[in-house]
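See structure below.
The values are calculated or read from the model by the stated rules, or taken from the named source; none is laboratory data. Keep in mind it's a predicted model, so treat the numbers as computed, not measured. Ideal geometry is used to build each Cβ from the backbone, glycine not excepted, and the neighbour counts take in all protein chains shown. All accessible areas refer to the heavy atoms of the entire protein, side chains included, with ligands and DNA or RNA removed. Shrake-Rupley method; radii C 1.70, N 1.55, O 1.52, S 1.80 Å.
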Amino acid sequence: MNSAKLAAKSHPDHQTIVNLSEKVAFGGTELVIIGGPCAVESAQQMETVAQKLSAAPVQALRGGVYKPRTSPYAFQGMGEDGLEVLAKVQSYYNIPVVTEVMSISQIEGITTHVDMLQLGSRNMQNFDLLKALGQAGKPILLKRGLAATIEEFVMAAEYILSHGNPDVVLCERGIRSFDNYTRNVLDLGAVVALKQITHLPVIVDPSHAVGKRELVAPLAKAAIACGADGLIIECHPEPEKSVSDARQALSLEDMVNLVHSLKPVAASVGRRISEDMGAGFKPAPLCCAA
Ligand code: PEP
Ligand code: MN
């Protein structure tokens, strides 16, 4: 293995805490559950998501505004208008937001609007982008490449760390294999290994790993049971109508139920899900009020 100088765990208790907000941090006893749609589609959609997930509660919201789509003819994301939506939801509901960055030119706009930048699987070895994220000044959610080895994944994190940003969270999101029954294969062995060999927080994305909503909840539980520091899960007010990744989107009700069902699993491995996140949520409508 290439030697990771900065990502490597130096002793068993070596654990980095990545702060997302005053209340939310990755890597401690409390888990971080991130929920939201694959793509930001409208202010109304994100408002509904924020209101419903306040009941869970989740600790952060997700939503892509720059989407890496297989087809150039598919919806590419709302772009800057979507960033405005995320910023409004974040400040009104007092909840951190996460969105994907696809190019160096997007970094400045994204960092002024959101709390965490997601580097997607398709860009895990975009080395210039990794270097630039070292200077972003915000936490990075680094997703494992579609067919990246654990070593390649750790060295991608090393790029960000070595360029000045200590706040990196790793995300296992499934890897390509021969079987197409599930979209990818969730590599929980990698989660355990990454927790052992690095000091970085590790979260799991069961949605992109399996690609089918009925498989998401059991794998979310398995991820927490094996030591993940959190989850990122796609959900939508009308899952079948999602403009992207509809097949894997949970309903908001199922997302709330999932968060509740994770609590005993978390407790069994000495972790907990914060109960007081809801305090920051405001009940009235924000962006779409007449
Ligand atoms: C996403 O989170 O919507 C996404 C595109 O994820 P990944 O990069 O893991 O495919
Ligand atoms: Mn998606």
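For Ala74 and Asp128, what does the FRET efficiency come to when R0 = 22 Å and r is the distance between their Cβ atoms, rounded to the nearest 0.05?
On the way: r = 25 Å, r/R0 = 1.15.
About 0.30, to the nearest 0.05.
What is the distance in Å between the Cα centres of region 128-142 and region 44-97?
20 Å
Excluding ligands, DNA and RNA, what is the solvent-accessible area per residue of region 33-276 at a probe of 1.4 Å, expressed in Å²?
Numbers: 8960 Å² over 244 residues.
Accessible surface, normalised per residue, equals 37 Å².
Using 1/(1 + (r/R0)^6) with R0 = 30 angstrom and r between the beta carbons of Ser103 and Asn2, what's the FRET efficiency to the nearest 0.05?
Values: r = 26 Å, r/R0 = 0.87.
Result of the calculation: an efficiency of 0.70.
Expressed as a whole percentage, what fraction of the accessible surface of region 33-276 belongs to carbon and sulfur atoms when a 1.4 Å probe is rolled over the protein heavy atoms? Walk me through the numbers before you get to the answer.
Working: 4710 of 8960 Å².
Looking at region 33-276 in its full context, I get 53 percent from C and S.
Under a point-charge model restricted to the Cβ atoms of Lys and Arg (+1) and Asp and Glu (-1), what is the dipole moment magnitude of the chain relative to its Cα centre, in debye to the nearest 20?
Details: 26 positive and 30 negative charges, 79 e Å.
So the dipole magnitude of the chain works out to roughly 380 debye.
Quick check: the distance between the Cα centres of region 149-186 and region 197-268, to the nearest angstrom?
17 Å
Largest first, please: the extent of the C-alpha atoms of region 48-99 along each principal axis, to the nearest Å.
Projected onto its principal axes, the Cα set of region 48-99 covers 36, 20, 16 Å.
Relative contact order of region 87-194: what whole-number percent is it, with Cα pairs under 8 angstrom and at least 6 residues apart? Provide the component values of the computation, followed by the final result.
On the way: 180 pairs, mean separation 21.6, N = 108.
RCO, region 87-194: 20 percent.
Just order 188-197, 115-124, 250-259 by mean Cβ neighbour count inside 10 Å, highest at the front, would you? Kindly include the intermediate steps, with their values, before the conclusion.
On the way: 188-197: 17.3, 115-124: 22.3, 250-259: 19.5.
The peptides rank, most packed first, as 115-124, 250-259, 188-197.
Which listed residue (Val169, Ile140, Val210) has the Cα farthest towards the positive end of the charge dipole for region 33-276, taking +1 on Lys and Arg C-beta and -1 on Asp and Glu C-beta about the Cα centre?
Towards the positive end, the residue furthest out is Val210.
Please identify which residues in region 1-36 have an amide N closer than 14 Å to a label point set 7 Å out from the Cα of Ser162, following the Cα→Cβ vector.
Once the point is set 7 Å along Cα→Cβ of Ser162, 2-8 turn out to lie under 14 Å by backbone N, inside region 1-36.
Considering only DSSP beta bridges with both partners in region 33-276, what is the antiparallel share in %, to the nearest 5?
On the way: 1 of 28 bridges.
Looking only at bridges with both residues in region 33-276, the antiparallel portion is about 5 percent.
Report the semi-axes of the equivalent ellipsoid for the chain in whole Å, largest first, where each axis is √(5λ) for an eigenvalue λ of the Cα gyration tensor. Before the final figure, lay out each step's value.
Values: eigenvalues 134, 91, 76 Å².
Result for the chain: semi-axes of 26, 21, 20 Å.
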